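Engineer: I'd like to ask you about the structure that follows.
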Amino acid sequence: MKLAAIVRQSAVRQAIARKPVASAALALAMLAAPAAHAATASVEPEESGVNTLEAPKASWFFVQRGFVLGGTSIYDSNTGKLLGQVETPVLGDMALDPAGKAYYVAQTIWTKRTRGTRQDMVTVYDAKTLNFQADIDIPGRMLVGGRKNNFVVSDDGKFAYVYNYNPATSVNVIDLTKRKFVKAVELPGCADLVTVAGVGLSALCNDGSIATIALAGAKPEITHTAPFFNATTDPVFDNYATDKAKKQSVLLTYTGLIYTVALGAKPVVGEPFSIQEAAGIRKGETKPLEVNWFPGGGQPLALHRPTGHLFVLMHPGEYWTHKDGATEVWEVDLATKKVVKRIAVPDLPEAVEVTQEAEPKLILAGGSDTLRVIDLKTGAIKHTIKEAGSGPITVVENP
């Protein structure tokens with residue numbers, strides 16, 4: 001019985017109890033009314049159907065639902081509408097096919113759900129129908145959520161690379177064309193992968209350097225840059241941004257230093273600059289009890305590749321508040337090294353992305369699982385999407 005009918009009958013019974021004679025006739029009329037209405041209601045059966053999706057567009061964004069709920073939802077930032085969902089388990093990682101034909105998920109399952117035989121794989125889903133296509137078995141993968149750089153696909157879409165820790169750090173190489181595991185490459189003390197066209201991979205290392213794995217030869221070769229950051233006193237956020245067309249990565253430290261790295265066989269690390277000084281305030285420091293503006297969140301920066309503008313989640317606080325959500329988003333022009341705009345934001349978002357359109361939109365995810373889409377041209381909130389998720393956000397990088 002529907003809630004409205006229950007409430008209506010409860011009211012009738014109370015009326016009868018108060019006025020037995022007069023209310024009884026009224027009660028019979030009230031109870032008969034829904035039945036008469038139901039007799040004229042349409043009984044036409046609903047028709048089900050299956051929709052297909054287009055290739056991923058520049059206005060689309062993908063958000064993992066977080067540590068509790070599985071799935072990666074696909075939204076259109078123009079309409080705010082949910083387009084579909086890719087089956088991504090908790091602690092799974094998703095990557096996009098550069099050609100827009102498939103979605104890849106690196107995942108782990110057990111034969112008895114939480115125990116039994118462990119199975120690690122890369123699962124392939126069709127981008128149009130979201131239907132399962134194939135499983136590619138791999139020897140292991142790193143079980144950690146909220147990281148964008150644990151699972152990456154090469155620029156030509158032919159290979160995938162899965163970060164692993166079994167028993168030490170390594171990278172699993174998967175041939176996506178043949179859909180088979182190729183080999184595992186040891187990568188001591190390094191993580192956070194980024195593909196380098198014509199070379200292989202680069203990764204951040206705990207000694208403050210960048211490692212590059214050359215995969216073209218018969219045997220992988222690993223080289224390192226000189227250390228340029230201190231992983232103990234001022235670490236780099238692991239969810240950094242990369243422009244694959246320009247072969248550049250943008251890194252951000254906990255104090256607010258911004259580094260630009262030219263990727264290649266021998267990466268070149270540029271001189272850093274302070275985001276606080278770029279906004280006209282004092283530089284971020286590691287001293288305790290020194291209140292300043294600091295970057296924070298699980299995914300604290302996003303790069304609009306066509307303009308070279310960086311968007312950073314910022315909050316007032318002390319050093320080591322790098323997990324705090326933002327009260328503002330700072331827009332940084334990397335060419336001039338200036339903060340050109342400060343945008344007040346609600347709900348303390350912990351993840352940020354920006355669509356790669358000519359007129360981009362900012363995507364913010366908060367701890368309350370609420371997404372907000374902001375039109376950067378007007379500063380207005382275009383869409384508020386509740387219960388959408390709080391995990392990493394992904395956009396089409398070079399549409």
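The values are calculated or read from the model by the stated rules, or taken from the named source; none is laboratory data. Since we're looking at a predicted model, the values are computed, not measured. Note that we place each Cβ from the backbone using ideal geometry, even for glycine, and neighbour counts take in every protein chain shown. Calculation scope for accessible area: heavy atoms of the full protein, side chains included, ligands and nucleic acids excluded. Shrake-Rupley method; radii C 1.70, N 1.55, O 1.52, S 1.80 Å.
Engineer: Which entry in (1) 20.4; (2) 27.6; (3) 24.1 matches mean projected area of the Cα convex hull in nm² derived from the coordinates of this structure?
Structural biologist: Among (1) 20.4; (2) 27.6; (3) 24.1, the one calculated here is (2).
Engineer: Go through the stretch 178-184 residue by residue and turn each phi into a ³J(HN,Hα) via Karplus (6.51, -1.76, 1.60, θ = phi - 60°); whole Hz please, and just put x for glycine and proline.
Structural biologist: Computed from phi, the couplings for the stretch 178-184 are 7, 6, 8, 6, 9, 6, 10 Hz.
Engineer: Let me ask something else. Take Glu271, Glu359 and sort them by solvent-accessible surface of the protein heavy atoms, 1.4 Å probe, largest at the top.
Structural biologist: Descending accessible area places them as Glu271, Glu359.
Engineer: With each label point set 7 Å from Cα along the Cα-Cβ vector, what nm distance links Ala380 and Glu46?
Structural biologist: It works out to 3.3 nm between the two label points.
Engineer: In addition: Starting from the Cα-Cα distance between Lys101 and Glu328, subtract it from 0.36 nm times their residue separation and give me the gain in nm to one decimal.
Structural biologist: 78.1 nm
Engineer: Please give the direction-averaged projected area of the C-alpha convex hull for the stretch 91-203, in square nanometres with one decimal. Mind showing how you got there, number by number?
Structural biologist: Details: hull surface 28.6 nm².
Projected over every direction and averaged, the Cα hull of the stretch 91-203 covers 7.2 nm².
Engineer: Would you tell me the accessible area of Arg118, worked out with a 1.4 angstrom probe on the heavy atoms of the protein chains, in Å² to the nearest 10?
Structural biologist: Surface open to solvent at Arg118 totals about 100 Å².
Engineer: How large is the charge dipole for the stretch 317-399, taken about the Cα centre, if only the Cβ atoms of Lys, Arg (+1) and Asp, Glu (-1) carry charge, to the nearest 20 debye?
Structural biologist: Rounded to the nearest 20 debye, it is 240 debye.
Engineer: Could you please state, rounded to a whole Å, how far the C-alpha centre of the stretch 383-399 is from the C-alpha centre of the stretch 188-236?
Structural biologist: After rounding, the separation between the Cα centres reads 28 Å.
Engineer: Still on this model: Using a Förster radius of 41 Å, what is the FRET efficiency between Ala168 and Lys246 based on their Cβ-Cβ separation? Nearest 0.05, please.
Structural biologist: Efficiency computed from Cβ-Cβ geometry: 0.80.
Engineer: Quick one: longest stretch of the chain between exposed loop chymotrypsin sites (Phe, Trp or Tyr not before Pro), exposed meaning at most 15 other C-beta atoms within 10 Å and loop per DSSP?
Structural biologist: Counting at most 15 other Cβ atoms within 10 Å as exposed, the longest clean stretch of the chain is 68-319.
Engineer: Hey, another quick one. Can you give the calculated 222 nm mean residue ellipticity of the chain, where each DSSP H run of n ≥ 4 adds -39,500 (n - 2.57) and the sum is split over every residue, rounded to the nearest 500 deg cm²/dmol?
Structural biologist: For the chain, the value works out to -3500 deg cm²/dmol.
Engineer: Any chance you could give the angle, 0 to 90 degrees and rounded to 10, that helix 20-40 forms with the longest Cα principal axis of the chain?
Structural biologist: Between helix and principal axis, roughly 60 degrees.
Engineer: Can I ask one more? Rolling a 1.4 Å sphere over the protein heavy atoms, what is the accessible area per residue of the chain, to the nearest Å²?
Structural biologist: 50 Å²
Engineer: Do any trypsin sites (Lys or Arg not before Pro) in the stretch 328-399 lie in a DSSP loop with no more than 10 other beta carbon atoms within 10 Å, and if so, which?
Structural biologist: Sparse-neighbourhood loop trypsin sites (Lys or Arg not before Pro): Lys377, Lys386.
Engineer: Work from the charge dipole of the stretch 178-228 (Cβ charges, +1 for Lys and Arg, -1 for Asp and Glu, about the Cα centre) and give the residue of Ala191, Ala214, Ala203 farthest towards its positive end.
Structural biologist: Going by the charge dipole, the pick is Ala214.
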